[in-house]
1. Of all residues being surrounded by fewer than 24 Cβ atoms within 10 Å (Cβ to Cβ) and not hydrophobic (A, V, I, L, M, F, W, C) in region 1-13, which is nearest to ASP137 (Cα to Cα)? Just the residue, please.
2. Within region 1-13, take every residue that is more than 15 Å from the chain's Cα centre (by Cα) and not basic (Lys, Arg) and give me the one that is farthest from GLU103 (Cα to Cα).
3. Since VAL20 meets every condition but one in (1) without any contact (Cβ under 8 Å) to a residue 40 or more places away in the chain; (2) more than 27 Å from LEU183 (Cβ to Cβ); (3) of a type in the set (Val, Ile, Thr), which condition does it not meet?
4. Can you name the residue in region 14-40 that is under 13 Å from the mean Cα position of the chain (by Cα) and in a strand (DSSP E or B) and is also surrounded by the fewest Cβ atoms within 10 Å (Cβ to Cβ) among such residues?
5. Restricting attention to region 69-88, which residues are hydrophobic (A, V, I, L, M, F, W, C) and within 11 Å of VAL7 (Cβ to Cβ)?
6. Which members of region 154-197 meet the condition of being modelled with pLDDT under 95, closer than 17 Å to TRP104 by Cβ and among the aliphatic types (A, V, I, L, M)?
7. Going through region 124-160 one residue at a time, which ones are within 19 Å of TYR85 (Cα to Cα), in contact (Cβ under 8 Å) with a residue 12 or more places away in the chain and outside any strand (DSSP E or B)?
8. Are any residues in region 96-105 within 14 Å of the chain's Cα centre (by Cα) and surrounded by 18 or more Cβ atoms within 10 Å (Cβ to Cβ), and if so, which ones?
Amino acid sequence: MIRIAIVLGSTRPGRLGKPVADWVNSRAAERSDATFDVLDVADFHLPLLDEPLPPSFGRYSNAHTKAWSDAVDVFDGYIFVTGEYNHSIPGALKNALDYLYKEWNNKSAGFVSYGSSGGIRAVEHLRAVAGELQMADVRAQVALPLATEFENYRAFVPSAAAEKSLQILFDQVIAWAGALKTLRPNQVHGNVPGVAA
């Protein structure tokens, strides 16, 4: 069975991402073609990247890195739930992505974003980061503008259009996750000489 993580990227108190991730997870639970779990970056208490070696070497020194690696590695694909902070992604999400390398490789990625413009500018940056980490990002995206998907800009109430977009996103992330699985048994770490999978 395909395993997909719903990665909640904001860690700030009162974050709007929590109800959005809960919605994604509740709709995911209705599907029978994959299993889903939420990975909340806030639960891992990652400091600013503090590993002495680049993550592409896969030799981690810190317990928090190893715990994050173990949590991320078991999935075949990811749906990132991200807000838009100053036209980009939350710093906590970028930091969490930077901690690892091979754990992300040859897996699918989809995006559910929220913000004044639906978070689309954050996802533009996130797609570039995902590409460098050798994730295959799908075309579908769920963009949730604060003015139309959140009552009084706070209470999340997804529209029918958002519900439909989410199902398309699920379809694409799951399909690509299955296709990419065939690439991972012989996977090697980027271009780092002498590093085996």
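1. For region 1-13, the residue satisfying everything is ARG3.
2. Among those that are more than 15 Å from the chain's Cα centre (by Cα) and not basic (Lys, Arg), it is PRO13.
3. Of everything listed in (1) without any contact (Cβ under 8 Å) to a residue 40 or more places away in the chain; (2) more than 27 Å from LEU183 (Cβ to Cβ); (3) of a type in the set (Val, Ile, Thr), VAL20 misses just condition (1).
4. ASP37
5. Of the residues in region 69-88, the ones hydrophobic (A, V, I, L, M, F, W, C) are 71-72, 74-75, 79-81.
Scanning region 69-88 gives ALA71, VAL72, PHE75, ILE79, PHE80, VAL81.
6. Of everything in region 154-197, those that are modelled with pLDDT under 95, closer than 17 Å to TRP104 by Cβ and among the aliphatic types (A, V, I, L, M) turn out to be LEU183, VAL188, VAL192, VAL195, ALA197.
7. HIS125, LEU126, ARG127, VAL129, ALA130, LEU146, ALA147, GLU149, ARG154
8. First, pick out the residues of region 96-105 that are within 14 Å of the chain's Cα centre (by Cα): 96-101, 103-105.
Listed by number, the residues that qualify are ALA96, LEU97, TYR99, LEU100, TYR101, GLU103, TRP104, ASN105.
The values are calculated or read from the model by the stated rules, or taken from the named source; none is laboratory data. Note that this is a predicted model, so its numbers are computed, not measured. Don't worry about glycine lacking a Cβ; one is built from the backbone with ideal geometry, like all the others, and counts go over all protein chains shown.
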